[in-house]
1. So, how do all the Cα-to-Cα distances of the chain break down into 10 Å bins, in percent, from 0 on up?
2. How many Å² of accessible area per residue for segment 251-293, probe 1.4 Å?
3. Assuming R0 = 22 Å, can you tell me the calculated FRET efficiency for the pair Lys52 and Glu357, based on Cβ-Cβ distance, to the nearest 0.05?
4. Across the Cα atoms of segment 99-233, what radius of gyration and what greatest pairwise Cα-Cα distance (Dmax) are found, in Å?
5. Can you pull the one-decimal nm distance between simple spin-label points at Ala133 and Ser37, each 7 Å off the Cα toward Cβ?
6. Using a cut-off of 12 Å between beta-carbons, work out the net charge of the residues near Phe296 (Lys and Arg +1, Asp and Glu -1, Phe296 not included).
7. For Ser270, what is the net charge nearby, where nearby means another residue's Cβ is under 15 Å from its Cβ and Lys, Arg count +1, Asp, Glu -1?
8. I want the local charge near Thr84. Using Cβ-Cβ distances under 12 Å, sum +1 for each Lys or Arg and -1 for each Asp or Glu among the other residues.
Amino acid sequence: MKSYIYYFLILALLAGVTGCGEKSSTNETSAASATSSFIEVTQVQYDQLGMKMGAIEEKSFPIRVSVNGMIDVPPENRAVLTATMGGYIRTTPFLIGDKVSKGQTLVTLENPEFVNLQQQYLEVNEQLTFLKAEYERHKIMSDENITSQKNFLKSESDYKSAVARHTGLEKQLTMLNISPEQVKNGTIVSSVSIKAPISGSITKVNVSRGSYVSPASSIMEIINNDHVHLELSVFEKDIMKVKKGQRITFKIPEASGDTFNAEVHLVGTSIDENRTIKVHGHLEDEDKENFLTGMFVEAQIITDNIQAKALPSEAIVTIDDTANVLVLEKKEGDTYYFSQKEVTIKEEHDGFSILQETESFAPKSQFLTKGTFNLIGV
């Protein structure tokens, strides 16, 4: 009987020991699970990787209007070459990209009408001497009542008509770059030269040798890129925010990743068919850049500034379109314990980002601001 009692006591003792062991194991598992929810960084790792921590700061953020546009030149820096009178192209030695100077001969035209025009001028010029003498003679005779008033008026009319025709032909020759003085000396030319109205680079050539051009035809286009500006299109809903003197930042996505600066110089006063208004901007340091007319730009007009709480952008790591930060939960000894939090970026500027969840963090929360990618990206 005693042996049975002894046997049951041993079984009860073993059951108690087993229960204590399972409880101890459960506690250890819970502690390990709690610790594994943090990202642990030792002081040695922190120093070796050059990690830094920081807090949410009050920063100034610009309010921007996003617009598109292009690099353009003022109207006086763009010229279309046309002919005063029609003619056949005799010479056209320039190509697209050639630089030309104001007054330089660009194209030579040939037309029999040029000869006819000079001939008429020469004839009128010779007649003018005779008609002037006749007018003066009849004037004297009219004053002395030697000739009739009718003869005097006719001589006066003939002379003044010749003067008007002479002046008109002289102006036409000057417009054709033909010297009236050379024509008076008997030099008649069959071709005329068309000169560059401005200095710049040739951007279009619309003719070839032997082709006929009329006064309405565009022969060449010249653009002077010494002064360029921004021509932006602002939507109607945003135009009331735009004022002269506001700062513009812009990029030329097809040519460079750099950001350039400009300033609003003029704001249009009429709305285009596509419900946009033209805004003219002057560039800063335009001489340092090789901007070309027609370049497409993506710009932002800074209309105002706001104060907001923000975190350094370097503290945020985006993986699979999800932004994350590391918040310091505690430090025990030489070990930092960080928790990973998902956040939403509202605005980013000059190395700082406004987070949607800024107010949800404790005021004195510390974030890993440098080295975050080494921990989240692994």
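The values are calculated or read from the model by the stated rules, or taken from the named source; none is laboratory data. Everything quoted here is computed from the prediction, not taken from an experiment. Please note: Cβ atoms are built from the backbone with ideal geometry, for glycine as well, and neighbour counts cover all protein chains shown. Heavy atoms of the whole protein, side chains included, go into the accessibility calculation; ligands, DNA and RNA do not. Shrake-Rupley method; radii C 1.70, N 1.55, O 1.52, S 1.80 Å.
1. All Cα pairs considered, the percentages come to 4, 13, 13, 12, 12, 10, 9, 7, 5, 4, 4, 2, 1, 1, 1, 0, 0, 0, 0.
2. Heavy-atom accessible area per residue stands at 68 Å².
3. My answer for the efficiency is 0.55.
4. When restricted to the Cα atoms of segment 99-233, Rg and Dmax are 22.7, 77 Å.
5. 12.1
6. Summing Lys/Arg as +1 and Asp/Glu as -1 gives -3.
7. Around Ser270, the charge tally is -2.
8. +1
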